[in-house]
1. Taking θ as phi - 60°, what are the ³J(HN,Hα) couplings along segment 62-77 by the Karplus curve (6.51, -1.76, 1.60), each to the nearest whole Hz, with x for Gly and Pro?
2. Sorted by average packing, counted as other Cβ atoms within 10 angstrom per residue and highest first, what order do 203-210, 76-83, 9-16 take?
3. List every residue whose amide H lies under 5 Å from the amide H of SER97, counting only residues 5 or more places away in sequence or on a different chain, with H placed 1.01 Å from N in the peptide plane.
4. Work out from phi, with θ = phi - 60° and the Karplus expression 6.51 cos²θ - 1.76 cosθ + 1.60, the ³J(HN,Hα) of each residue of segment 191-199, listed in order in whole Hz, and give x for Gly and Pro.
5. Residue-wise, which Karplus ³J(HN,Hα) couplings in Hz belong to segment 119-127, taking 6.51 cos²θ - 1.76 cosθ + 1.60, θ = phi - 60°, and x for glycine or proline?
Amino acid sequence: MKTRENLKLGEEINEHFVRGLMKGYNRYLEVRIDAAEELKVSSGYAYVRGNHLEDAIAKEESMKNVSFDLASAGSWRYLQFKVTDSDKKYLVIIRRSERISDTQKELKRKNNEEKEKNWLYQLSKNNEHLKLSKLIREESDQQLIIFGDNPIDNKAIITQTQLDIELEERYDRFYILSYEIDNNNLIDDASLLMLDPRTLELAEIETLRPLVVKYQSLIDRELLLKANEAITPEEFSGVTAEYSIHQAEEDLPASPADYPIEESQAEDEIKDI
């Protein structure tokens, strides 16, 4: 059986992804502010965030063993990241996340035939041999939402309708790098997750929050303040699809005080989006 330690990608690769994530978000804020200043209506720019995040990660040059490919799921085009480790090959995709309760119902209600039509479920099959369910603690009540930035794609993910995605290439592991945006519209957390196709649950392999805190300086605070003044909260988000997560609690800090440069937030203070 694989342990969380065995499944981690390593500090250098984690830093590669988080640096790109924060740089991409800073660029996204720049674009949003420019659009808000130049256009009478600019709410459509709420759906380009993922493009900027993935683009910045792709442009990070710190790791030669991290590459990317352009992929499609229906009308949604995104970047898939490949991590090579000796003779192993891992796939990583980027998604926004928010912790909520009472999730997981939609996907678990589907029958096997309907699940087979879902692109995310298909990608998760790369993890079938890992027996991730043994890592998942039954008593955990932590939750996760994963979704695309485009409303049409959100609907497809939520309803599990079939998306046109190439799934011919197989990988030794499939990861989801999730990130969270707080009530001040700042990326304040990230995690490395793996979806178990057998239980349809997500196991958190590693929290990346310490790295998020480390690289929050890459986001211009004046830029963030301008964005909060110019853009309404509704324009930062979209519709969501929900999946369960079981967190690696041993990796979490004892308290928010362990992150002195970050403002504490109540975990249950979640915006309806």
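What follows draws every value from the coordinates through simple rules; no lab data is involved. All figures in this text were calculated on a predicted structure; none of them were measured in a lab. For neighbour counting, all protein chains shown are included, and Cβ atoms are generated from backbone atoms with ideal geometry for every residue, glycine included.
1. Result, rounded to whole Hz: 6, 10, 6, 8, 10, 10, 8, 9, 7, 10, 10, 9, x, 7, 8, 10.
2. Details: 203-210: 21.8, 76-83: 19.0, 9-16: 16.2.
Going by the mean number of other Cβ atoms within 10 Å, highest first, we get 203-210, 76-83, 9-16.
3. Long-range HN contacts for SER97: TYR179, GLU180, ILE181.
4. Once θ is set to phi - 60°, the couplings for segment 191-199 become 9, 9, 10, 9, 8, 8, x, 7, 9 Hz.
5. Result, rounded to whole Hz: 5, 5, 5, 4, 5, 5, 4, 5, 9.
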